Amino acid sequence: IFAPIPKRNFCMHYRESDEALKNKILQAALLHVNRVGWNDKALALACQDLGYSTAANRIVSTGAIELVNYVTDLWLHRLEEDFKNLPLEEMSLKERLKRGVQIRLSYQIPYLNTWHQAIALGSNPKNFTEIADKLMKVSDTIWYISGDNSFNLNWYGKRLALLGVYTSTELYMLTDKSVDYKESWNFLDRRIDDMMEARSYVNNVSLYTCLLYTSDAADDLLCVDLGGRRIIKKKK
């Protein structure tokens with residue numbers, strides 16, 4: 001008598017949506033990125049943890065960059081909740097902006113050991129547009145919750161300036177060995193001061209001409225999608 005062949009849990013994905021299965025794999029992969037990096041191996045280990053065949057990671061069709069996109073979206077929703085719960089009415093605009101950036105960057109601290117790999121994936125030309133879109137939404141969320149609801153050319157200048165502050169602080173953190181990242185937060189404070197004092201967030205958009213464009217004909221240009229509006233950035 002032959003023993004029954006054990007069933008593979010990979011077959012169970014037919015009982016749940018592909019999107020739900022993919023999210024389970026991506027969430028489980030976050031437990032491995034510090035040890036093996038932001039790569040397909042982390043996805044394969046996640047499948048093993050969940051009891052699936054390693055072939056199940058094929059559902060993550062674009063590979064490791066999808067893991068970066070997943071966690072970036074996850075942290076955006078978390079930022080919205082955490083930032084809104086602060087006593088914002090007691091803070092100055094500068095304090096609100098600094099705290100918003102600090103909260104968002106703090107989510108990356110548990111992954112800083114390998115976060116440079118995530119940045120490298122996002123910097124790949126084929127991934128850059130989508131990552132830039134997500135980071136612009138981070139900047140927009142911080143400005144909006146801080147009380148800015150303007151909608152003119154200054155709107156774009158503010159978001160781009162704060163995005164510059166965010167990305168420079170993110171890179172600084174990668175080599176910061178100070179206790180509780182004190183030097184990174186001091187660096188962030190100085191960059192926020194520079195932005196506020198120069199008023200670059202209001203009127204310094206001299207490097208870019210920002211055009212609203214709603215046609216998909218813009219897809220072959222460097223662009224950022226913001227809630228259905230497409231910003232095309234061209235150097236003067």
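The values are calculated or read from the model by the stated rules, or taken from the named source; none is laboratory data. These numbers were taken from a predicted model, which means no experiment stands behind them. Reconstructed Cβ throughout: ideal geometry from the backbone, glycine too, with neighbour counts over all protein chains shown. With ligands, DNA and RNA removed, areas are computed over all heavy atoms of the protein, side chains included. Shrake-Rupley method; radii C 1.70, N 1.55, O 1.52, S 1.80 Å.
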Would it be correct to say that Asp194 is closer than 20 Å to Lys98 by Cβ, open to solvent by 40 Å² or more (accessible area, probe 1.4 Å) and either among the polar types (S, T, N, Q) or at pLDDT 95 or above (or both)?
no
Regarding region 42-51, can at least one residue be identified that is open to solvent by less than 40 Å² (accessible area, probe 1.4 Å), in contact with an Asp or Glu (Cβ under 7 Å, 6 or more places away or on another chain), part of a helix (DSSP H, G or I) and free of Cβ contacts under 8 Å to residues at least 60 places away in the same chain?
no
Please determine, by comparing only the residues of region 151-191 that are free of Cβ contacts under 8 Å to residues at least 24 places away in the same chain and β-branched (Val, Ile, Thr), which one is surrounded by the fewest Cβ atoms within 10 Å (Cβ to Cβ).
Val179
Qualifying positions in region 110-119 - surrounded by 13 or more Cβ atoms within 10 Å (Cβ to Cβ) and in a helix (DSSP H, G or I)
Tyr111, Trp115, His116, Gln117, Ala118, Ile119
Provide a single number: the residues in region 150-188 that are of a type in the set (Phe, Trp, Tyr) and on the phi > 0 side of the Ramachandran plot.
1
Taking region 52-89 on its own, how many of its residues are part of a loop (DSSP other than H, G, I, E, B), open to solvent by less than 60 Å² (accessible area, probe 1.4 Å) and among the polar types (S, T, N, Q)?
1
